[in-house]
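Read through the structure below, which is laid out as structure tokens, and then see the notes.
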Amino acid sequence: MLEFFKEPENWVAVAFVLFVGLLGYLGVHRMLTKALDDRAGRIKAELDEAKKLKDEAVALLAQYERKRQEAESEAQGIIAGAKAEADRMAIEAKAKIEEFVARRTKMAETKIAQAEAQATADVRAAAADAAIAAAEKILTHQAKGPLAGELLAKGIDDVRKKLN
């Protein structure tokens, strides 16, 4: 057995066994296990926290997506309302323009009718004046004396009354 201690590898083996035994006696394996367990716990806590943050981010993303969709639908509603309002205003403007044109047409027709009536009255007055002048000439040449003047004045008055 003395030969066993002559080899340096055997001394290394004995020293290793004593070292491992000393570590076991001092409870280093428990400290290592506890340190590894603590580290595993921290890693698990960090993973749980990361999962929680990821879930919150997913929820927040979904919430923003909903808000974006709501905003888009609201914008589409506003656009549709604006288009409807523009259509309504266009129809209203068209109706006002048609009413304006109809009113202007009616005013023009009224003015034309008044001008026609005035022209007819002017023609009648001119015809009456011409008839009176003609009757005066004829009666002046045919009738003589005071009776002629009286008849002439009476006839002119009658013609004026009838023609006007």
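Laboratory data are not the source of any read-out in this text; all were calculated from the coordinates shown. As the structure is a prediction and not an experimental result, all values here were calculated from the model. With ideal geometry, Cβ positions are generated from the backbone for all residues, glycine too; neighbour counts draw on all protein chains shown.
To make sure I understand the rule: partners must be aspartates and glutamates, Cα under 19 Å from the Cα of K111, and not fewer than 8 residues away in the same chain. Which ones qualify?
Cross-link targets: E99, D122.
Using a 7 Å offset from the Cα along the Cα-to-Cβ direction at both A153 and I138, what is the distance between the two label points in nm, to one decimal?
2.2
What angle do you read, to the nearest 10 degrees and between 0 and 90, between the alpha-carbon axis of helix 146-163 and the longest principal axis of the chain?
20
Work out how far the C-alpha atoms of the chain reach from end to end along every principal axis, then list the three figures in whole Å, largest first.
Projected onto the principal axes, the Cα atoms of the chain cover 198, 24, 15 Å.
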